[in-house]
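Here the structure is laid out as structure tokens; the discussion comes afterwards.
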Amino acid sequence: MTDFASTYGSWAVIAGGSDGVGAAFAHSLAARGVNLVLVARRIAVLNECAEAVAAKHSVQVRTVALDLALDTAIADLEEATADLEIGVLIYNAGADTRNAEFLDRTLDDHRALVHRNCLGVLEAAYRFGGPMVTRGRGAVVLITSGAAWAGGRTLSSYGATKAFDLILGEGLWAEWRDRGVDVLSLVLGATDTPSLHRTMDPGDRVLADPHDVAEQALDHLAEGPTWIHGSDNPVGGSPFGSLDRRSAVLAMSTPRH
Ligand SMILES: NC(=O)c1ccc[n+]([C@@H]2O[C@H](COP(=O)([O-])OP(=O)(O)OC[C@H]3O[C@@H](n4cnc5c(N)ncnc54)[C@H](OP(=O)(O)O)[C@@H]3O)[C@@H](O)[C@H]2O)c1
């Protein structure tokens, strides 16, 4: 058993583990000797990722196809993994699928975002984090975004969900840090994923590499509560510093491409 697996446990759940950052976490965890449960909706993409990971690393990979925006998703996931000791939870799924103003989206669209990014994250942290605390070992990574730092045009409900994840992770870190469970709120900027390219044209923006994101997060799991990928000071505060809220919101609302 690798050091990583003996520290945290030999199975990980990646919610949103079939492409982009989630697939990168799958490869990085497998390289550290951790078996995987990969969760996503599109079965073909999920199976392709599972097969690629299993072909490259000698770990077991289980797939669970479900929609994390549904009420029963996390209970179903818990049931599908009831025979496993899950030592690592990566809650990755969370990108916004539409770059649109608040009223230009349906209410159902907002509800699904909140369900997947808030209720799903909360319930996963509760159902999988609880046994980790009882065992006295484990790791939870909640993936959030620079959109959490302040409100912004076309980012209202997405940014609000990411602020929820950021703060939830920080609070859990404070509660579980002395109980053997590392919690990291992982803040990402623009990252080169299929989801990003489906939502926007990044133009000449520099994009983070998902593999670097996953490697860095796993290397710094114990340095929570917050890790800001790509920052000169990844454990530092908001990049807006002491800027007043109005200026921060206006800066966040400026089109970047
Ligand atoms: N990419 C960026 O520039 C960027 C910037 C800041 C923060 N982030 C954060 O980084 C995380 C990963 O982002 P990403 O760009 O890789 O895209 P993403 O769409 O959040 O993640 C893609 C993965 O999540 C799965 N997924 C998405 N919605 C799901 C649902 N309702 N139920 C089950 N699985 C679902 C996808 O598979 P299926 O589609 O098949 O379900 C895929 O495996 C997110 O939390 C996002 O907020 C990304």
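The values are calculated or read from the model by the stated rules, or taken from the named source; none is laboratory data. Quick caveat: nothing in here was measured; it's all calculated off a predicted structure. Quick reminder, even Gly has a Cβ in these numbers, built from the backbone with ideal geometry, and neighbours come from all protein chains shown. Side chains are part of the model used for accessible areas, which takes the heavy atoms of the whole protein and leaves out ligands, DNA and RNA. Shrake-Rupley method; radii C 1.70, N 1.55, O 1.52, S 1.80 Å.
Selection of segment 119-140 for residues being charged (D, E, K, R) and within 14 Å of the ligand (Cβ to nearest atom) yields only Glu123.
Within segment 28-50, track down each residue that is open to solvent by 50 Å² or more (accessible area, probe 1.4 Å) and among the polar types (S, T, N, Q). Can you show your working first?
Start the filter on segment 28-50 by keeping residues that are open to solvent by 50 Å² or more (accessible area, probe 1.4 Å), which leaves 31, 41-44, 47-48.
The one that is open to solvent by 50 Å² or more (accessible area, probe 1.4 Å) and among the polar types (S, T, N, Q): Asn47.
Taking the criterion of being open to solvent by less than 50 Å² (accessible area, probe 1.4 Å), of a type in the set (A, V, I, L, M, F, W, C) and farther than 17 Å from Ala163 by Cβ, the residues of segment 208-257 that qualify are Ala208, Val213, Ala214, Ala217, Leu218, Leu221.
Within segment 151-166, residues that are within 21 Å of Thr106 (Cβ to Cβ) have Cβ atoms under 7 Å from residues that are among the aromatic types (Phe, Trp, Tyr) in these pairs: Ser156/Phe102; Ser157/Phe102, counting only partners at least 6 apart in sequence or on another chain.
Take the residues in segment 186-195 that are in contact with a Leu (Cβ under 9 Å, 6 or more places away or on another chain) and surrounded by fewer than 21 Cβ atoms within 10 Å (Cβ to Cβ), then tell me which one is farthest from Phe164 (Cα to Cα). Show your work before the answer.
So the first thing to find is which residues in segment 186-195 are in contact with a Leu (Cβ under 9 Å, 6 or more places away or on another chain), and the list is 186-187, 189-193.
From what's left, surrounded by fewer than 21 Cβ atoms within 10 Å (Cβ to Cβ): 189-190, 192.
On the way: Gly189: 17, Ala190: 19, Asp192: 23 Å.
Step by step, filter segment 186-195, then rank; the result is Asp192.
Scanning segment 74-93 for residues that are surrounded by 17 or more Cβ atoms within 10 Å (Cβ to Cβ) and either in contact (Cβ under 8 Å) with a residue 60 or more places away in the chain or more than 21 Å from Ala139 (Cα to Cα) (or both) yields Leu77, Thr81, Ile86, Gly87, Val88, Leu89, Ile90, Tyr91, Asn92, Ala93. Scanning segment 131-156 for residues that are surrounded by 18 or more Cβ atoms within 10 Å (Cβ to Cβ), among the hydroxyl-bearing types (Ser, Thr, Tyr) and either over 12 Å from Val187 (Cα atoms) or over 17 Å from the mean Cα position of the chain (by Cα) (or both) yields a count of 1.
The set of residues from segment 62-92 being closer than 11 Å to Gly17 by Cα and of a type in the set (Val, Ile, Thr) comprises Thr63, Val64, Ile90.
Here are some residues: Val53, Val64. Which one is surrounded by 15 or more Cβ atoms within 10 Å (Cβ to Cβ), within 12 Å of the ligand (Cβ to nearest atom) and more than 20 Å from Lys162 (Cβ to Cβ)?
Details: Val53 fails: within 12 Å of the ligand (Cβ to nearest atom).
Being surrounded by 15 or more Cβ atoms within 10 Å (Cβ to Cβ), within 12 Å of the ligand (Cβ to nearest atom) and more than 20 Å from Lys162 (Cβ to Cβ) holds for just one of Val53, Val64, which is Val64.
Would you call Arg205 touching a residue at least 24 places away in the same chain (Cβ under 8 Å), among the basic types (Lys, Arg), surrounded by fewer than 14 Cβ atoms within 10 Å (Cβ to Cβ) and out of contact with any Lys or Arg (no Cβ under 8 Å at 6 or more places or on another chain)?
no
Tell me, yes or no, whether segment 96-118 has at least one residue that is within 13 Å of the ligand (Cβ to nearest atom) and of a type in the set (Phe, Trp, Tyr). Checking segment 96-118: not a single residue is within 13 Å of the ligand (Cβ to nearest atom) and of a type in the set (Phe, Trp, Tyr). Filtering segment 106-125 for residues that are of a type in the set (A, V, I, L, M, F, W, C), in contact with a Leu (Cβ under 8 Å, 6 or more places away or on another chain) and not in a helix (DSSP H, G or I) leaves an empty set.
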